[in-house]
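What follows is a short report on a single structure.
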Amino acid sequence: MEVVSFFSAKGGTGKTTFNLLFASYLSYICKKRVLMLDFDGPEYNALLTRKRELAVNKDVDEKELYPLEMVNDRSINSVNSLAKRLDALKEHIDYVIMDFGGSFEPTDAVCQMAKAKVLDTVVIPVEMDGMAISSAKSLAKVFQSFGQRTILFFNKVHGKEKPELYEALDEWFAKNDLNISKNRVKMAISLKRDSDSDGMFLRSSICFPKKDIKAINPAIINLFDEVVGYEGQEQRQDAKSGD
Ligand SMILES: Nc1ncnc2c1ncn2[C@@H]1O[C@H](COP(=O)(O)OP(=O)(O)OP(=O)(O)O)[C@@H](O)[C@H]1O
Ligand SMILES: [Mg+2]
């Protein structure tokens, strides 16, 4: 079992969007057993997305979907009991995806999960901006110090930046022993929209919008494969040939 979270200590960087897409990719494309946990109260955006989708897609049977649960207690005891629960589930679940709010205080669940070494991989969306880059670097260092595998990636890329800028930043991250992905995700209007022309949510928790995502930006799929590794790619080939 792998515990993964797209997380950054900034608001609005794409955490929930990518956690939902990644969970759906793993579940519906890679056919993995997924559990998604939404820690980001009081809004619980991931859970809200699921509820909205079920409300407009009445024919979908919730039991066929990966479970998406809210976790609303931040106390250390609840982190310990969650860790125990996950331990008991490890033979039954391949991936646990955790969506947190954009803060990294000692009392925040994400901080506790990191300290307790419950998280295996943290994927940090970074916007192309000096402050965002330096705060992402500090955050990645903290996760690394707790033993987490950490991948950073540029999100909401405009594509107007000079390629040399990315090369220089790649070098800078490498010098700091940090793993910055080559898969840069462009700013895509369709990722902002709630639904596509079929009324299906792009940040969907009930299906993976294959066609649209490929058209929007293949870097998203490549990034997901990078997070999953070799095994995920094989599974995707299987899923594709079964289409
Ligand atoms: N690559 C992208 N292109 C265009 N829009 C994007 C992209 N990534 C994320 N967004 C948009 O940015 C906004 C914030 O995304 P999201 O809610 O996933 O961020 P978040 O980090 O979870 O925010 P919060 O801190 O409030 O939980 C959303 O409108 C989302 O659609
Ligand atoms: Mg969010």
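Just a few scattered comments:
Residue-wise test of (1) within 16 Å of ligand 2 (Cβ to nearest atom); (2) assigned to a helix (DSSP H, G or I).
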| position | (1), (2) |
| --- | --- |
| Gly12 | yes, no |
| Ser24 | yes, yes |
| Leu35 | no, no |
| Asn72 | yes, no |
| Lys84 | no, yes |
| Ala88 | no, yes |
| Val96 | no, no |
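- Test: residue in region 39-59 that is away from ligand 1 (no atom under 16 Å from the Cβ), out of contact with any His (no Cβ under 8 Å at 6 or more places or on another chain), assigned to a loop (DSSP other than H, G, I, E, B) and without any contact (Cβ under 8 Å) to a residue 60 or more places away in the chain: yes
- Answer from Val3, Val110, Val96, Val79 - the residue that is under 14 Å from the mean Cα position of the chain (by Cα), farther than 17 Å from Phe208 by Cβ and at pLDDT below 95: Val110
- Any hit, region 85-104, residues being touching a Phe, Trp or Tyr at 6+ places or on another chain (Cβ under 7 Å), more than 29 Å from Asp129 (Cα to Cα), within 16 Å of ligand 1 (Cβ to nearest atom) and not acidic (Asp, Glu): no
- Residue among Val122, Val60, Val126, Val79 that is farther than 26 Å from Val227 by Cβ, surrounded by 13 or more Cβ atoms within 10 Å (Cβ to Cβ) and not polar (S, T, N, Q): Val60
- Residue list for region 104-147, filter: under 20 Å from Asn179 (Cβ atoms), basic (Lys, Arg) and outside any loop (DSSP other than H, G, I, E, B): Lys137, Lys141
- Residue that is surrounded by the fewest Cβ atoms within 10 Å (Cβ to Cβ) [pool: residues in region 142-173 that are farther than 23 Å from Gln112 by Cα and aromatic (Phe, Trp, Tyr)]: Trp172
- The listed residues are Phe39, Phe18, Phe22, and the only one of them that is within 25 Å of Lys137 (Cα to Cα) and in contact with a Pro (Cβ under 9 Å, 6 or more places away or on another chain) turns out to be Phe18.
- Residue check for Leu139: within 26 Å of Val228 (Cβ to Cβ) and surrounded by 18 or more Cβ atoms within 10 Å (Cβ to Cβ): yes
- A single member of Val118, Val142, Val157 is within 16 Å of ligand 1 (Cβ to nearest atom) and either at pLDDT 95 or above or of a type in the set (Val, Ile, Thr) (or both), and it is Val157.
The values are calculated or read from the model by the stated rules, or taken from the named source; none is laboratory data. Note that the structure is a prediction, hence the values are computed from the model and not measured. Glycine gets a Cβ as well: all are built from the backbone with ideal geometry, and neighbour counts include every protein chain shown.
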